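Quick note: the coordinates plus some simple rules give every number you see, no bench work behind them. Remember, predicted model here, so these are calculated numbers, not experimental data. Every residue, glycine as well, gets a Cβ built from its backbone with ideal geometry; the counts of neighbours run over all protein chains shown.
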Amino acid sequence: MHWSEKRIPEGVMLAGRSDDAGGRRDSRGALSCRDNRQRRSSAATLKHTIVDKARMLRGAPLFSEVSTEVLADLAALSAVELHPTGTTLYRAGEPADAFFLVIEGEVSGEGDRVDPFVVGAGTEVGALAVLDERPRAFTVRTTTDSLLLRIDGDDFLYLLEQHPRLARGVIRHLAREVRGSREGRAARRSAGGE
């Protein structure tokens with residue numbers, strides 16, 4: 001099923017929606033959601049509250065401008081996973097079905113069309129492939145035991161469609177990243193590095 005055909009998963013209520021769409025809150029008022037996505041066998045899926053996951057999301061530059069209500073929606077659709085060192089999160093050429101936010105640890109990436117990189121806490125990996133719905137450009141592995149927040153691509157695209165402020169915040173973040181990359185290349189060229 002294409003992401004645009006997705007509907008709100010059973011038991012999830014999006015903030016700011018007037019139609020209840022089957023959403024439910026538990027006795028503490030927390031959003032309840034499904035967690036039946038397939039997990040890689042090397043990952044331990046950990047139980048965290050929506051508030052915990054929203055705090056994790058808030059710490060990432062990608063989501064720094066997003067409202068608490070939208071973060072709660074995104075948190076309800078995400079999963080916290082613990083991956084041991086050396087776990088392959090995804091390979092170059094694979095379809096982009098999710099992206100990851102590094103909470104603790106480090107991940108590395110390499111591929112034919114990108115420079116190798118290592119990133120740590122607060123960094124997302126794989127979001128661009130989810131956004132442009134193209135195959136992965138690189139292979140990403142954990143370089144240490146890593147705590148990651150996994151965000152399903154279809155759910156993320158659906159939330160972008162439902163929450164224009166989330167979309168604007170993501171666009172602003174990506175624009176800053178592109179601008180910084182261009183400015184860095186220009187500086188390297190003027191210094192004789194490229």
Each label sits 7 Å from Cα toward the beta-carbon; between ARG113 and LEU128 the label points are separated, in nm, by 0.9 nm
Quick calc of log₁₀ I(q)/I(0), the range 40-184, Debye, one scatterer on every Cα, no solvent, q values 0.16 1/Å, result -0.84
